[in-house]
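Here's the structure we're looking at; comments come further down.
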Amino acid sequence: MNRLYLTFEGPNVGESGLPVEAFAHALTGMQDAMRLMAEHLGGRQPGPGQPPRWARGQSSLQLTAVRPGSLVAELTLAVPDGQLSLENLGEQAVEAIYGWDGNQDSALPPEVTNKLGAIPSKLPADVRVWLGSADTPRKTEIRRPSAAVRSVPQSEEALLQGWLKEVNWHRGTAQLHDYAGSFVRLRFSEEHAGDMQRLARQHVEVRGRGQFNQKGSWTPVTVEEIRTTHPFGEPFDMDEFLNDPTPKLFDPDNLVTASEPFDVDEFVNIIHSGRDEGGKESPDC
């Protein structure tokens, strides 16, 4: 999926068209929503400053056609410069936005629904706008948001365990997989880059902060602490053993020994005798 349609409908849209400012505002809003969705899928928290190059490259839209009648803008995902990421964030973002139900309180990140909800803000009052795909050009109406402002959920403390995979040093992202194959997206700073590299593909415990989406799943969790664990049934890892930063070393000078020589056979016989006596019933019982 690499194409979205915006359909504008109104009494005079087919004959008179739309104000350029309103049309440009709608297209810019869709582009911003795509970029924010790609950043979210890539594990990056939106913030001030220029978005990273990978987010812009994988979410860039092109206006490839404008259809007559009800004004329809065909927006196609541009081919990114350089090699396409295996994650294919652009198509994932298109699919997520295409599946939007039109509500502000949805599974999409709040910053994405805010951008989508602002698309009709500069359209004439009698014009409605719809979001669809090549198969269904008119699917979901993008309604003007209500006056109530959606509150941004607060971050929660996270304590997670799983297998650390898909570590991306350039983006500062990774995935924490569980036994069932599900995963939580992680993001990390340069402070934890060395630990993430050392613990890649190992079972780890992660402490950090994140938020829950509307489905009760973690959104990307920011790593504050990470350490290795040893789950039951895991095979012995020689590399991990050899690279243990705090190995347990054998020190012959600190051995605990008996103060005087003793007869080992007599000691074993005493132990067995005590066990046998303990297993007999007392005569007073």
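Just so it is clear, none of the values below were taken in a lab; they were calculated from the coordinates. For clarity, every value in this text was computed on a predicted model and none was experimentally measured.
Would you mind checking which residues have amide H under 5 Å from residue 78's amide H? H placed 1.01 Å from N; only 5 or more apart, or other chain. Hits under the 5 Å cutoff: 60, 61, 62.
Extension gain for the segment residue 136 to residue 227, taken as residue separation times 0.36 nm less the Cα-Cα distance, is 27.9 nm to one decimal.
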